[in-house]
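J.: Let me give you the structure first, and then I'll get to my questions.
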Amino acid sequence: MDKRKIEENIFRGLMVTSALMIFLSLVMILVTVIRKGLPAMNLAMITQSPKGGYYLGKEGGILNAIVGSSYLAGGATLLATLISLPVVIYLNLYAKRGSRLAAFTRFSFDVLWGVPSIVYGAFGFTIMLFLRLRTSLLGGIIAVSFLILPIMTRAMDEVIRMVPEGLLEASYALGTTRFETALRVVLKQTLPGILTAILIAFGRGIGDAASVIFTAGFTDYIPNSLFRPAATLPLSIFFQLGTPFPEVQERAYASAVILTAVVLIISIISRILTGRFTKHIVK
Amino acid sequence: MEFKTHISVQNLNIFYRNEQALRNITVDIPDRKITVIIGPSGCGKTTLLKSFNRLIDSVDGVRISGKVLVDGENIFDSKVEVTRIRKKMGLLFQKPYPLPMSIYENVAYGPKIHGIKNKKELDRIVEQYLKQASLWEEVKDRLNQPASNLSVGQQQRLCLARGLAVEPEIILGDEPTSALDPKSSQRIEERFLELKTDYTIVIVTHILRQARRLADYVIFLYLGELIEHGPARDIFENPKVKMTKEYMEGIIS
């Protein structure tokens, strides 16, 4: 066999191996979580808040954390989207190519992406002190939106950058403003990518524990106001795993299954909802 | 040949960073005629065309001096609203760029943005301009399908209809048939010949035969300089400058 063919096969092998490793890790995580969690899974887990002694193995569920996490990640995703969209539209349609401000903004987001979530938690906490907020849903939403903002912005940025210059010019040539073009052409063309960016950010937000520990706090009750503390699934898992009781630890795994299911359901629903708006995309 | 001037280019210089793309161009483009800009690639044809509707503005590091008067108004004047200038001109690109929406919405896009909301009125506009671009018969039963499903040739005619729908005075074409098959090219050329009774048309091409078929007036550019311009017959049959003659004969390209 000639040398180039061997080289081709070696690298193909390496690529397949790494793809398989990623896929297998995912399967193993899911299998572990489901196998350990399934015995503890019951309707009460998703329909009840923790009763007295829940963490000692008594009755109840984690509805507090399911609702808390949904509010929190949903709110943070909404807030981050409201900030991200104008930023990426500015970077791609308004800023001149080679603009220093644009380059600096992109660089900042790249750096912020690498900041550990506990730092966002601490930063959110200082802001809360400044605003005289207690640990609350609002505090958590602010901290998590900081955490997911760089992820969402950079993901959207990469998608919008792929829009061909000619498509923009075709719209401008009809006498449209940049804003009209952004709204009616660019967002339509990039909707699936924008949605992916939002979903990635949502997944990151709902799965993070460190940023909410000081900011959203934890409670056994479902939050009924932005100014009340809110429970979250990752912290709920953490507290249950931290108990010495095997039956409570099993519930932690069941909670992890629920967390995964929430992310999955949200992803599927949003794909279905946006699927019908994407048929006009120009390839 | 007597004609009325529609676009008047006066001492136009355009620089990309340190490179000069157009050198002191002065030329008058006649009203309701087809003007063809010819010249080898990289000679500034597209730059000149894109300066007319100020798409040149968004190019990085561009500097412009001189004037382009459209209907007597200098389009580079800082008081001029660029969207109004662009509305006066429809532009066809080398490759058609349908917008990410249905066939109907592509044509209605411009009129909607410029304030037409009435559904009946929009229906009328869509039909009228699709007919004018000779696309109506092929798409009238599938107006709500994505524009990207059309063939490239159909897409280019859709872009023509979309440009006409904002009721411009001028049609600009930047090698508008270069991505099309011969049959589609021919249909686009036929449209231009029909449309010149109502519109001023300016086309960039590097295909000399196409220039001969279409041109009433010819502008020959070489390396950013205006070498010769004049009525088509004079330029093609009796060029005054040696370089024009050599280009026509294929000695330089």
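Every number here is computed from the coordinates shown, using simple stated rules; none is lab data. None of these values were measured; they are calculated from a predicted model. FYI the Cβ positions are ideal-geometry reconstructions off the backbone, even for glycines, and counts take in every protein chain you see.
J.: How much of the DSSP beta bridge set in segment B:1-42 is antiparallel, as a percent to the nearest 5?
T.: Once the DSSP bridges in segment B:1-42 are tallied, antiparallel ones form about 100 percent.
J.: Still on this structure: Which one of B:Y104, B:T47, A:Q189 is farthest out on the positive end of the charge dipole of the protein assembly as shown, using unit charges on Cβ (Lys, Arg +1; Asp, Glu -1) and the Cα centre as origin?
T.: A:Q189
J.: Determine the percent antiparallel among the DSSP beta bridges restricted to chain B, to the nearest 5.
T.: 60
J.: Next question. Quick check: net charge around B:D71, other residues with Cβ under 12 Å of its Cβ, Lys/Arg +1 and Asp/Glu -1?
T.: Overall, the nearby charge balance is 0.
J.: Can I ask one more? How big is the dipole moment of chain A about its Cα centre under a simple scheme where the beta carbon of each Lys and Arg is +1, that of each Asp and Glu is -1, and everything else is neutral? Debye, nearest 20, please.
T.: Dipole magnitude for chain A comes out near 460 debye.
J.: Another one. Rounded, prolate or oblate: pick one for segment A:45-275, where a ≥ b ≥ c are the square roots of the eigenvalues of its C-alpha gyration tensor, a/c under 1.5 means rounded, and failing that, prolate if a/b is larger than b/c, else oblate.
T.: prolate
J.: Where the convex hull is taken over the Cα atoms of segment A:141-266, what is its projected area averaged over directions, in nm²?
T.: For segment A:141-266, the mean projected area of the Cα convex hull comes to 9.9 nm².
J.: Using a cut-off of 26 Å between alpha-carbon atoms, which lysines can reach B:K45, once sequence neighbours fewer than 8 places away in the same chain are excluded?
T.: Answer for B:K45, where 26 Å is the Cα cut-off: A:K96, B:K4, B:K33, B:K67, B:K87, B:K88, B:K95, B:K183, B:K196, B:K240, B:K242, B:K245, listed by chain and number.
J.: For chain A, what is the calculated [θ] at 222 nm in deg cm²/dmol (nearest 500), taking -39500 (n - 2.57) for each run of four or more DSSP H residues and dividing by its residue count?
T.: The helix contribution divided over chain A gives -23000 deg cm²/dmol.
J.: Kirkwood Rh over Cα pairs of the protein assembly as shown into Stokes-Einstein at 10 °C, 1.306 mPa s: D in µm²/s?
T.: D = 58 µm²/s.
J.: Return the FRET efficiency for the residue pair A:L187, B:Q20: r is the Cβ-Cβ distance, R0 is 25 Å, and the value is rounded to the nearest 0.05.
T.: Computed FRET efficiency for A:L187 and B:Q20 comes out at 0.05.
J.: Continuing with the same structure: Compute the angle between helix B:182-195 and the longest alpha-carbon principal axis of chain B, please, reported from 0 to 90 degrees and rounded to the nearest 10.
T.: Compared with the principal axis, the helix lies near 90 degrees.
J.: Helix A:63-89 versus the longest principal axis of chain A: what angle, 0 to 90°, nearest 10, using Cα atoms?
T.: Taking Cα atoms only, the helix is inclined about 20 degrees.
J.: Provide the percentage of antiparallel DSSP beta bridges, counting only those with both residues in the protein assembly as shown; round to the nearest 5.
T.: Once the DSSP bridges in the protein assembly as shown are tallied, antiparallel ones form about 60 percent.
J.: Compare A:G175, A:G193, A:G140 in a GNM of chain A, Cα atoms joined below 10 Å, and give the one with the largest fluctuation.
T.: For chain A, modelled as a Gaussian network with Cα springs under 10 Å, the answer is A:G175.
J.: If we count every other residue with Cβ under 12 angstrom of A:P39's Cβ, Lys/Arg +1 and Asp/Glu -1, where does the sum land?
T.: +1
J.: Let me ask you something else. For segment B:53-202, take the convex hull of the Cα atoms, compute a quarter of its surface area, and give me that in nm², please.
T.: 9.9
J.: Restricting to Cα atoms and excluding each atom paired with itself, what does the Kirkwood estimate give for chain B in Å?
T.: Value: 18.8 Å, from the Cα pair sum.
J.: Pop a pseudo-label 7 angstrom from the Cα along the beta-carbon direction at both A:L38 and A:K96 and give the gap in nm to one decimal.
T.: Label-label distance for A:L38 and A:K96, simple model: 6.3 nm.
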